[in-house]
Protein chains: 2
Amino acid sequence: MPETTFTISELAREFDITPRTIRFYEDEGLLNPARKGMQRVYSKKDRVHLKLIVRGKRLGFSLAESKALIEMYDPSSQNTDQLQALLDAIDLSSERLAQQLADIQIMKDELANAKKRCQKAMRDNKK
Amino acid sequence: MPETTFTISELAREFDITPRTIRFYEDEGLLNPARKGMQRVYSKKDRVHLKLIVRGKRLGFSLAESKALIEMYDPSSQNTDQLQALLDAIDLSSERLAQQLADIQIMKDELANAKKRCQKAMRDNKK
DNA sequence: GATTCCCTTTACGTAAACGTAAACTAAGGG
DNA sequence: CCCTTAGTTTACGTTTACGTAAAGGGAATC
């Protein structure tokens, strides 16, 4: 059976962040680990949420945005208005990702050009 | 002949930021507009740089990173060591973009799933 | 039983990226 | 000549996302 719970430092190591950071995410309402006495005990679900936060950070998402993403995970037990708001939020996030995809394509092209110019400059330097 | 220079408020409108923000980028060394008396006069090149900054922001780049990207634009007049450092920086940025590309793909899938669950929950609510 | 870890809370500090307000200048219109 | 409309500098304020002590609890190990 694979490990089913995690300590704070295990997760910190895995995601290359500090325990302080993980506790901060909890303060901000993005995580809700169980407790065994005083100590936090993280479930697989908590780990999934943390993974989402870290991935969001790489894409420039604020913690508030990542929090919204986490809340998209369990749409049950919501009334119709909330569900509609969720759908709208999902569409908004999708648009943002599409924009980022386009931005990345442009940047990749520009970096490729920069690389060529750079290599040319190096050749010119040699002579 | 298309417009060849721009005022600060023109650029602010175009990129949906404030003049304060543009001046701040100048303070940080990311822009170097000409002056006509006291007023800043932005060239097409300045505009390209600003566009790069704004795109970088959408991808979560810090201003320091965007500054580095701008400096990749003109690799001439650099010695060999600097050029090698530039090439390394370009490769690093490319890796980062590749990671972001993968992150976006995962997020898109997850959002699609969330959307399905959400729509299902709405159907269940109706009944 | 003292040391060593790993965990905890509380709280002040900090860097980045601007926002906001004050006080001023310079150009153009009525 | 006054007013309005950009633009300018200077400077302090604010939010986000943590960093960094300080002070301590609890279990294991020497």
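The values are calculated or read from the model by the stated rules, or taken from the named source; none is laboratory data. All values reported here derive from a predicted model rather than from experimental measurement. Cβ sites come from the backbone with ideal geometry, for glycine too, and all protein chains shown count toward neighbours.
Could we say that A:LEU11 is away from DNA strand D (no atom under 11 Å from the Cβ), among the aliphatic types (A, V, I, L, M), assigned to a loop (DSSP other than H, G, I, E, B) and outside the structural domain of A:GLN99 (by TED's automatic domain parsing) here? Spell out how you get there, then give the answer.
Details: away from DNA strand D (no atom under 11 Å from the Cβ): yes; among the aliphatic types (A, V, I, L, M): yes; assigned to a loop (DSSP other than H, G, I, E, B): no; outside the structural domain of A:GLN99 (by TED's automatic domain parsing): yes.
When the stated conditions are applied, A:LEU11 does not pass them.
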For this session: Take A:LYS57 and decide whether it is farther than 29 Å from B:ARG58 by Cβ and at pLDDT 95 or above.
Result: no
For this session: Check off (1) loosely packed, with under 13 Cβ neighbours inside 10 Å; (2) within 7 Å of chain A (Cβ to nearest Cβ); (3) within 17 Å of A:ASN113 (Cα to Cα); (4) of a type outside the set (D, E, K, R) for B:THR80 and give me the number that stays unchecked.
Result: (3)
Problem set entry | Which listed residue is among the acidic types (Asp, Glu) and under 30 Å from B:ASP91 (Cβ atoms), from A:ASP109, A:ASP74 | A:ASP109
Problem set entry | Flag for B:VAL48 being at pLDDT 95 or above, more than 26 Å from A:GLY56 (Cα to Cα) and within 14 Å of chain A (Cβ to nearest Cβ) | yes
Exercise. Only one residue in B:ARG40, B:ARG55, B:ARG23, B:ARG35 is in a helix (DSSP H, G or I), more than 8 Å from chain A (Cβ to nearest Cβ) and within 16 Å of DNA strand C (Cβ to nearest atom). Which one?
Worked result: B:ARG23
Exercise. Within the stretch B:33-79, which residues are touching a residue at least 40 places away in the same chain (Cβ under 8 Å) and of a type in the set (Asp, Glu)?
Worked result: B:ASP46
Problem set entry | Residue satisfying condition, being within 14 Å of DNA strand D (Cβ to nearest atom), charged (D, E, K, R) and crowded, with 19+ Cβ neighbours inside 10 Å, within set B:ARG40, B:ARG23 | B:ARG40
